[in-house]
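A.B. asks: The structure follows.
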Amino acid sequence: MHPYVKLLSSLVASLFIFCLVTTAQAAPTSRQVLEGTIDHVLQLLADPAFANPATTKAQRARIEVEVRKVFDFEEFSARTAGQRWRSFTRDQQKRFAEAFAQLLISTYLGQLKDYNGEKVAYVSERANAKGTRVEQLTNLKLSDGRTIPVAYRMMAKNGSWVVYDVLVEGVSLVKNYRTQFQDILATDSPDDLIARIEQKAREPKAK
């Protein structure tokens with residue numbers, strides 16, 4: 001091989017490796033993904049537009065967009081339905097995931113309607129051996145002085161990080177709903193469960 005061609009090949013290979021390393025280094029960590037979303041949601045909540053009845057709906061929609069960026073509601077749904085998830089048709093899975101997303105978002109925003117400048121402190125994180133799953137431990141510091149521990153369980157997916165479960169004061173959201181949903185599925189069909197979830201999701205909006 002001509003020395004010039006050999007040198008050029010080496011430079012191309014080096015550049016390729018450099019690009020791979022740079023890309024890997026540039027990929028956001030699980031905490032960065034979570035913190036970015038939470039910070040943006042808190043900014044939207046602090047905006048006077050959220051408290052203004054004329055603009056609350058539009059502001060809620062913006063918050064929902066941010067939440068959906070990092071919360072994988074299909075993963076939430078699959079874990080919540082448990083072994084019964086595989087017996088759902090693809091259409092039922094889609095409708096279940098969307099109904100469950102609406103329920104969680106409506107409940108979440110309903111709890112935040114009285115937001116008063118609460119702060120989130122990032123305490124620590126726990127990861128599995130492969131580094132593909134992480135539990136981000138945070139504390140929600142309320143304006144009345146109380147502190148509520150909230151843990152976000154995250155997994156690597158499609159080149160980023162998504163939330164698939166939330167623990168509030170040690171109680172898993174997925175586990176809590178799984179118990180409720182399995183009791184319903186013991187006697188009712190998936191369509192019946194979906195209808196119940198859709199109805200439940202509409203209740204916070206009506207208040």
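The values are calculated or read from the model by the stated rules, or taken from the named source; none is laboratory data. Source: prediction; values computed, not measured. Neighbour counts are summed over all protein chains in view; Cβ atoms, including those assigned to glycine, are modelled from backbone coordinates with ideal geometry. Accessible surface is based on the protein model in full, side chains and every heavy atom, while ligands, DNA and RNA are left aside. Shrake-Rupley method; radii C 1.70, N 1.55, O 1.52, S 1.80 Å.
A.B. asks: Before we move on, is Tyr122 outside any strand (DSSP E or B), of a type in the set (Phe, Trp, Tyr) and either open to solvent by 80 Å² or more (accessible area, probe 1.4 Å) or out of contact with any Leu (no Cβ under 7 Å at 6 or more places or on another chain) (or both)?
C.D. replies: Details: outside any strand (DSSP E or B): no; of a type in the set (Phe, Trp, Tyr): yes; either open to solvent by 80 Å² or more (accessible area, probe 1.4 Å) or out of contact with any Leu (no Cβ under 7 Å at 6 or more places or on another chain) (or both): yes.
Answer is no for this residue.
A.B. asks: Going by the structure shown, is Val163 under 14 Å from Leu104 (Cα atoms) and either in a strand (DSSP E or B) or not charged (D, E, K, R) (or both)? Step through it out loud before you land on a result.
C.D. replies: Working: under 14 Å from Leu104 (Cα atoms): yes; either in a strand (DSSP E or B) or not charged (D, E, K, R) (or both): yes.
Yes.
A.B. asks: Given the criteria among the small types (Gly, Ala, Ser) and either assigned to a helix (DSSP H, G or I) or at positive phi (or both), does Ala151 qualify? Break it down stepwise before answering.
C.D. replies: Values: among the small types (Gly, Ala, Ser): yes; either assigned to a helix (DSSP H, G or I) or at positive phi (or both): no.
Considered against the rule, which asks whether it is among the small types (Gly, Ala, Ser) and either assigned to a helix (DSSP H, G or I) or at positive phi (or both), Ala151 comes out as no.
So that you can scan it fast, the table gives a plain yes or no per residue for (1) out of contact with any Lys or Arg (no Cβ under 9 Å at 6 or more places or on another chain); (2) touching a residue at least 40 places away in the same chain (Cβ under 8 Å):
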| residue | (1), (2) |
| --- | --- |
| Val70 | yes, yes |
| Arg79 | no, yes |
| Gln83 | yes, no |
| Asp91 | yes, no |
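A.B. asks: Follow-up. Select, from Gly110, Gly117, the only residue that is open to solvent by less than 90 Å² (accessible area, probe 1.4 Å) and in a loop (DSSP other than H, G, I, E, B). First the steps, then the outcome.
C.D. replies: Values: Gly110 fails: in a loop (DSSP other than H, G, I, E, B).
After ruling out the rest, the residue left standing is Gly117.
A.B. asks: Across the range 37-93, which residue is surrounded by the fewest Cβ atoms within 10 Å (Cβ to Cβ) among those that are part of a helix (DSSP H, G or I) and aromatic (Phe, Trp, Tyr)? Walk me through it before giving the result.
C.D. replies: Let us first name the residues in the range 37-93 that are part of a helix (DSSP H, G or I), namely 37-46, 48-51, 56-70, 73-87, 90-93.
Subset that is aromatic (Phe, Trp, Tyr): 50, 73, 76, 85.
Numbers: Phe50: 19, Phe73: 23, Phe76: 22, Trp85: 17.
Ranking the qualifying residues of the range 37-93, first place goes to Trp85.
A.B. asks: Just checking, which of Ile184, Ile194 is touching a helix residue (DSSP H, G or I) at 6+ places or on another chain (Cβ under 7 Å) and closer than 26 Å to Lys57 by Cα? Steps first, please.
C.D. replies: Numbers: Ile184 fails: closer than 26 Å to Lys57 by Cα.
After ruling out the rest, the residue left standing is Ile194.
A.B. asks: Same structure again: Give me the pairs, please: first residue somewhere in the range 165-189 and under 19 Å from Trp85 (Cα atoms), second residue anywhere and open to solvent by less than 70 Å² (accessible area, probe 1.4 Å) and among the β-branched types (Val, Ile, Thr), beta-carbon distance under 8 Å, and either six or more positions apart or on two chains.
C.D. replies: Asp165/Val174; Ser172/Val166; Leu173/Val166; Val174/Thr80; Tyr177/Thr80; Arg178/Thr80; Phe181/Thr80
A.B. asks: Here's another thing I want to ask about it. Regarding Gln102, is this residue open to solvent by 70 Å² or more (accessible area, probe 1.4 Å) and either under 22 Å from Glu203 (Cα atoms) or touching a Cys at 6+ places or on another chain (Cβ under 7 Å) (or both)? If you could, list the steps in order and put the result at the bottom.
C.D. replies: Details: open to solvent by 70 Å² or more (accessible area, probe 1.4 Å): no; either under 22 Å from Glu203 (Cα atoms) or touching a Cys at 6+ places or on another chain (Cβ under 7 Å) (or both): yes.
Taking the combined requirement at face value, the residue does not satisfy it.
A.B. asks: Has the range 125-140 got any residue that is part of a helix (DSSP H, G or I), exposed (fewer than 13 other Cβ atoms within 10 Å of the Cβ) and not hydrophobic (A, V, I, L, M, F, W, C)? Break it down stepwise before answering.
C.D. replies: Of the residues in the range 125-140, the ones part of a helix (DSSP H, G or I) are none.
For the range 125-140, residues part of a helix (DSSP H, G or I), exposed (fewer than 13 other Cβ atoms within 10 Å of the Cβ) and not hydrophobic (A, V, I, L, M, F, W, C): absent.
A.B. asks: What residue, among those in the range 169-193 that are outside any helix (DSSP H, G or I) and among the charged types (D, E, K, R), is most open to solvent (accessible area, probe 1.4 Å)?
C.D. replies: Checking each candidate, the answer is Glu169.
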